[in-house]
1. Answer with yes or no whether L117 is at pLDDT below 95 and open to solvent by 10 Å² or more (accessible area, probe 1.4 Å).
2. Taking only region 1-15 into account, find how many residues are under 12 Å from the mean Cα position of the chain (by Cα) and part of a strand (DSSP E or B).
3. What are the residues in region 61-86 that are more than 20 Å from the chain's Cα centre (by Cα) and open to solvent by 20 Å² or more (accessible area, probe 1.4 Å), if any?
4. Consider L79 carefully, then state whether it is assigned to a loop (DSSP other than H, G, I, E, B) and under 24 Å from D181 (Cβ atoms).
5. Which ones in region 204-221 are without any contact (Cβ under 8 Å) to a residue 60 or more places away in the chain and assigned to a loop (DSSP other than H, G, I, E, B)?
6. Consider G18 carefully, then state whether it is in a helix (DSSP H, G or I) and under 17 Å from the mean Cα position of the chain (by Cα).
7. Under 8 Å between Cβ atoms, at least 6 apart or on separate chains: pull out the pairs that start in region 94-119 with a residue that is over 19 Å from A166 (Cα atoms) and of a type in the set (S, T, N, Q) and end on any residue that is open to solvent by 40 Å² or more (accessible area, probe 1.4 Å) and modelled with pLDDT under 95.
8. Among the residues of region 172-190, what is the count of those that are over 13 Å from the mean Cα position of the chain (by Cα) and either among the charged types (D, E, K, R) or under 19 Å from A216 (Cα atoms) (or both)?
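The values are calculated or read from the model by the stated rules, or taken from the named source; none is laboratory data. Just so you know, these numbers come straight off a predicted model, no measurement behind them. Quick reminder, even Gly has a Cβ in these numbers, built from the backbone with ideal geometry, and neighbours come from all protein chains shown. Protein only, heavy atoms only, side chains kept; ligands, DNA and RNA dropped before computing areas. Shrake-Rupley method; radii C 1.70, N 1.55, O 1.52, S 1.80 Å.
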Amino acid sequence: MANPEFILLGDSHATAIGLAAREAGLAFAGGPLASGRDFYVPFCEDAGGKLRFLDGEMEALHAELCAEVAAQTLLHSNLPILCTVGSGFHVAATTALWSDFISPDGQLDAGFIESALFAEICDEMFDPAMQFYRMLREAGCAVQVALPPQRCPETSDAPIMIAFQARAQARLHELGCGIIDTRATTAPDGTQDPAFCKAADPVHGNVAFGAEILRAAGYLA
């Protein structure tokens, strides 16, 4: 789009944001780069002061974005960045990944979520995303990270997802990233209000959810 106001980057959670932005007539550049799980393994590097994505398709999308905003790499753009990279917390909370800490009746070991071991595992899993955000912040980029819909599929553990999200949010805050807290779109019990859920989908938000993110980010009144 001509004269974009911001750059949108991330996983599939960025789709609802992009659709809402288009519906509102906002000019932006970018969109989803990959699926949520792709951001829980090393996916980018500093190549001599330049950001490079390790996956060829992601790097091709990055190159298209940079051409659109006339920047050498994402690190060299002056536009603010609205991001969902690493926000697929349900991926990190996949029950099978934590089976060593869950009893046969489905209960987490007592005190595990509050333990130093849990924090260490969370940090290691989130480190690829943190490397990306650290590069952006060290380059002086203004970054806002949108938290995802508060939806946990049956394949994931809800307490782990919530705790993982809190840990990631705290680390991003320490980096100086803005946090767009989407929990205003939740019901009183903390789960996602159906009005903001994508139909026939256990994880994602809809266009109304995307609009709430844009409003919280300051792009919609």
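1. Working: at pLDDT below 95: no; open to solvent by 10 Å² or more (accessible area, probe 1.4 Å): yes.
Considered against the rule, which asks whether it is at pLDDT below 95 and open to solvent by 10 Å² or more (accessible area, probe 1.4 Å), L117 comes out as no.
2. Residues of region 1-15 that are under 12 Å from the mean Cα position of the chain (by Cα), as a first pass: 8-15.
From what is left, the residues that are part of a strand (DSSP E or B) are 8-10.
So the count comes out to 3.
3. Correct list: A63, E64, A67, E68, V69, A70, Q72, H76, N78.
4. Numbers: assigned to a loop (DSSP other than H, G, I, E, B): yes; under 24 Å from D181 (Cβ atoms): yes.
Judged against the criteria, L79 is a match.
5. G218, A221
6. Details: in a helix (DSSP H, G or I): yes; under 17 Å from the mean Cα position of the chain (by Cα): yes.
When the stated conditions are applied, G18 passes them.
7. Cβ pairs passing all conditions: S103/D109.
8. Here is the first cut: in region 172-190, the residues over 13 Å from the mean Cα position of the chain (by Cα) are 173-176, 183-190.
Within this subset, residues satisfying the condition of being either among the charged types (D, E, K, R) or under 19 Å from A216 (Cα atoms) (or both) are 173-174, 176, 183-187, 189-190.
Going through region 172-190 one residue at a time, the tally reaches 10.
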